[in-house]
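Q: Here it is, the structure, as structure tokens.
The values are calculated or read from the model by the stated rules, or taken from the named source; none is laboratory data. Here the structure is a predicted model, which is why all the values come from computation and not from measurement. Quick reminder, even Gly has a Cβ in these numbers, built from the backbone with ideal geometry, and neighbours come from all protein chains shown.
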Amino acid sequence: MTTRPILIAGGGIGGLATAIGLAQKGISSLVLEKARELGEIGAGIQLGPNAFHAFDTLGVGDAARAMAVYIDKLRLMDALTAEEITHIPLDDAFRTRFGNPYAVVHRGDLHGVPPF
Ligand SMILES: Cc1cc2nc3c(=O)[nH]c(=O)nc-3n(C[C@H](O)[C@H](O)[C@H](O)COP(=O)(O)OP(=O)(O)OC[C@H]3O[C@@H](n4cnc5c(N)ncnc54)[C@H](O)[C@@H]3O)c2cc1C
């Protein structure tokens, strides 16, 4: 077992999640990110219940939920007519069924979630 840190190329969601996961196992890592700062990549990122389950495993679920914006429903629109095709309610029944909410968070805020 090496004591040297594991190098992680990229400080995106995958790289940061890997670093937190390794830290939980007592393994140090060094995240190398080529960008000077996080840009407006999609700005608000949509997070399904499975994302929050993963965040809970990593110990950042409460922090992510605290900064999230909760939306009432997902609407699927016809790009040509602008008519609603269907929608998915994201209310309490949805949260109860899937155990976590569906929400949006600014990507830059998400990257700043303190792990511990
Ligand atoms: C416009 C857009 C909207 C999206 N919306 C959603 C959404 O609403 N919900 C959702 O779940 N997913 C969404 N996604 C997908 C989601 O963003 C990706 O699945 C997720 O970001 C992938 O994480 P990652 O860490 O693998 O890669 P990235 O987030 O792309 O991170 C990779 C990082 O590695 C860095 N890097 C690359 N090469 C090097 C190198 N050689 N050395 C050092 N650093 C390097 C990059 O600068 C970057 O910061 C969206 C994607 C886009 C493009």
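Q: Go through the stretch 95-111 and give me each residue that's in a helix (DSSP H, G or I), away from the ligand (no atom under 14 Å from the Cβ) and touching a residue at least 40 places away in the same chain (Cβ under 8 Å).
A: 95, 98
Q: Name, by its number, the condition in (1) surrounded by 10 or more Cβ atoms within 10 Å (Cβ to Cβ); (2) out of contact with any His (no Cβ under 8 Å at 6 or more places or on another chain); (3) in a loop (DSSP other than H, G, I, E, B) that does not hold for residue 30.
A: (3)
Q: So, one more: What is the residue count in the stretch 1-44 for residues that are modelled with pLDDT of 90 or more, of a type in the set (A, V, I, L, M) and within 13 Å of the ligand (Cβ to nearest atom)?
A: 10
Q: Go through the residues of the stretch 69-79 one by one and say whether even a single one is in contact (Cβ under 8 Å) with a residue 24 or more places away in the chain and buried (at least 16 other Cβ atoms within 10 Å of the Cβ).
A: Initially, the stretch 69-79 is screened for residues in contact (Cβ under 8 Å) with a residue 24 or more places away in the chain, giving 69-71, 74.
Still in the running and buried (at least 16 other Cβ atoms within 10 Å of the Cβ): none.
So far as the stretch 69-79 goes, no, none of its residues is in contact (Cβ under 8 Å) with a residue 24 or more places away in the chain and buried (at least 16 other Cβ atoms within 10 Å of the Cβ).
Q: Right, another one. Being part of a loop (DSSP other than H, G, I, E, B) and within 21 Å of the chain's Cα centre (by Cα) is the filter here; which residues of the stretch 67-83 pass it?
A: 68, 71, 72
Q: Within the stretch 81-96, is there a residue that is of a type outside the set (A, V, I, L, M), closer than 30 Å to residue 3 by Cα and outside the structural domain of residue 3 (by TED's automatic domain parsing)?
A: So far as the stretch 81-96 goes, no, none of its residues is of a type outside the set (A, V, I, L, M), closer than 30 Å to residue 3 by Cα and outside the structural domain of residue 3 (by TED's automatic domain parsing).
Q: Turning to a different aspect of this structure: Suppose we filter 76, 80 for residues that are at pLDDT 95 or above and closer than 23 Å to residue 107 by Cα; which single one remains?
A: Criteria check complete, one pass: 76.
Q: With the requirement that a residue be surrounded by 11 or more Cβ atoms within 10 Å (Cβ to Cβ) and free of Cβ contacts under 8 Å to residues at least 40 places away in the same chain, what does the stretch 33-49 give you?
A: 33 - this is the single residue of the stretch 33-49 that is surrounded by 11 or more Cβ atoms within 10 Å (Cβ to Cβ) and free of Cβ contacts under 8 Å to residues at least 40 places away in the same chain.
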